[in-house]
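The structure appears right after this line, and notes come after that.
The values are calculated or read from the model by the stated rules, or taken from the named source; none is laboratory data. Here the structure is a predicted model, which is why all the values come from computation and not from measurement. Using ideal geometry, Cβ is built from the backbone for each residue, glycine included, and neighbour counts are taken over all protein chains shown. Remember, those area values only see protein heavy atoms, side chains included, never the ligands or the DNA or RNA. Shrake-Rupley method; radii C 1.70, N 1.55, O 1.52, S 1.80 Å.
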Amino acid sequence: MSTIQENVINIQELILKFANLAKRTASEIKLLAVSKTKPVENIIDAYNAGQRHFGESYAKEAEIKIPELKEKGYKDIIWHFIGPIQSNKTKIIAEYFDVVESVDRIKIARRLSEQRPSGMPPLEVYIQVNISEEPQKSGCSFSEIDEIADYIRSTDNLILKGLMGIAENTTDSREIVSQFSKLAAKFNEMKKTDTGITELSLGMTGDMQEAIQCGSTEIRIGTAIFGAREYPEHK
Ligand SMILES: *Cc1c(COP(=O)(O)O)cnc(C)c1O
């Protein structure tokens with residue numbers, strides 16, 4: 001078995017362990033393998049360990065990798081876009097992805113709906129919330145969620161599925177739990193009136209335990225599966 005395959009299996013075991021500690025069921029926590037900057041060979045490797053959900057952050061990179069994998073026969077991968085979205089990249093995202101987790105403004109939602117090709121199923125959307133409230137971070141504020149959610153529900157080609165957040169990069173576990181908990185509370189409130197909302201995307205390599213403790217239904221793991229990324233994350 002390759003290192004990547006072992007890593008996928010190790011993360012699945014950690015999900016099980018952290019779910020047990022949190023008195024939750026592991027099957028309600030999805031693993032998203034974050035393959036940004038990594039070659040298609042690495043994606044195939046993880047695929048062969050049973051991994052099906054993959055996350056990409058750069059439209060230009062995904063525009064090459066996704067069709068290449070489809071041509072090679074890997075047609076049942078569920079592709080999640082998780083990076084900051086510039087207006088001029090919405091067309092690529094609308095055409096290639098199944099899920100977009102980083103919608104944080106109405107303008108982007110409008111473009112994604114308009115550019116979703118007819119004949120494709122609706123694009124599944126999560127609203128990204130800036131839970132750490134750091135000014136340089138993407139995501140809307142808590143006070144903007146309801147308006148963006150209503151807008152997404154009014155579109156023809158988007159379907160609102162959940163919320164996504166990125167905690168501050170800190171070793172202070174209590175601070176991470178505090179940031180995750182606030183979004184979990186909003187998620188639980190929204191679920192009461194919108195049964196289509198099922199996804200709370202929280203947790204990365206460094207904070208997956210806190211995320212699972214706080215109710216995450218999807219952890220986004222890059223480094224612990226594919227190793228450190230080799231080139232800077234701005235393209
Ligand atoms: C890159 C990225 C991840 C993966 O981070 P790791 O620390 O490598 O696990 C998760 N979520 C988002 C939004 C990312 O951009």
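Quick notes on this structure:
- The single condition among (1) more than 20 Å from residue 99 (Cα to Cα); (2) away from the ligand (no atom under 14 Å from the Cβ); (3) exposed (fewer than 13 other Cβ atoms within 10 Å of the Cβ) that residue 119 does not meet is (1).
- Qualifying positions in the range 54-92 - in a helix (DSSP H, G or I), among the hydrophobic types (A, V, I, L, M, F, W, C), open to solvent by less than 50 Å² (accessible area, probe 1.4 Å) and away from the ligand (no atom under 14 Å from the Cβ): 66, 69, 92
- Some residue of the range 124-147 being open to solvent by less than 50 Å² (accessible area, probe 1.4 Å), over 28 Å from residue 179 (Cα atoms), modelled with pLDDT of 95 or more and in a helix (DSSP H, G or I): no
- Qualifying residue in the range 179-202 (condition: modelled with pLDDT of 95 or more, of a type outside the set (Ser, Thr, Tyr), surrounded by 21 or more Cβ atoms within 10 Å (Cβ to Cβ) and at positive phi): no
- Figure legend. Inter-residue proximity from the range 18-42: first residues over 21 Å from residue 217 (Cβ atoms), second residues away from the ligand (no atom under 16 Å from the Cβ) and open to solvent by 30 Å² or more (accessible area, probe 1.4 Å), beta-carbon distance below 8 Å, spacing 6+ or different chains. Indicated pairs: 40/68; 40/72.
- Looking across the range 32-53, the residues that are buried (at least 21 other Cβ atoms within 10 Å of the Cβ), within 16 Å of the ligand (Cβ to nearest atom) and not small (Gly, Ala, Ser) come down to 32, 34, 38, 43, 51.
- Yes/no for residue 159 being open to solvent by less than 60 Å² (accessible area, probe 1.4 Å) and more than 28 Å from residue 21 (Cβ to Cβ): no
- The residue that is farthest from residue 2 (Cα to Cα), among those in the range 28-74 that are within 17 Å of the chain's Cα centre (by Cα) and among the polar types (S, T, N, Q), is 57.
- A search for C-beta distances below 8 Å between a residue of the range 153-179 that is over 30 Å from residue 119 (Cα atoms) and of a type in the set (Asp, Glu) and any residue that is open to solvent by less than 20 Å² (accessible area, probe 1.4 Å) and modelled with pLDDT of 95 or more, counting only pairs 6+ apart in sequence or on different chains, returns 168/132; 168/176; 168/179; 175/167.
- Residues (out of contact with any strand residue (DSSP E or B) (no Cβ under 6 Å at 6 or more places or on another chain) and outside any helix (DSSP H, G or I)) located in the range 180-197: 194, 195, 196
- Candidates 205, 217, 170, 195 - the one that is near the ligand (Cβ under 10 Å from one of its atoms) and hydroxyl-bearing (Ser, Thr, Tyr): 205
- Yes/no for residue 102 being of a type in the set (Ser, Thr, Tyr), open to solvent by less than 30 Å² (accessible area, probe 1.4 Å) and in contact with a Gly (Cβ under 8 Å, 6 or more places away or on another chain): yes
- Residue match in the range 5-24 (condition: within 14 Å of the ligand (Cβ to nearest atom), at pLDDT 95 or above, farther than 27 Å from residue 213 by Cβ and more than 18 Å from the chain's Cα centre (by Cα)): no
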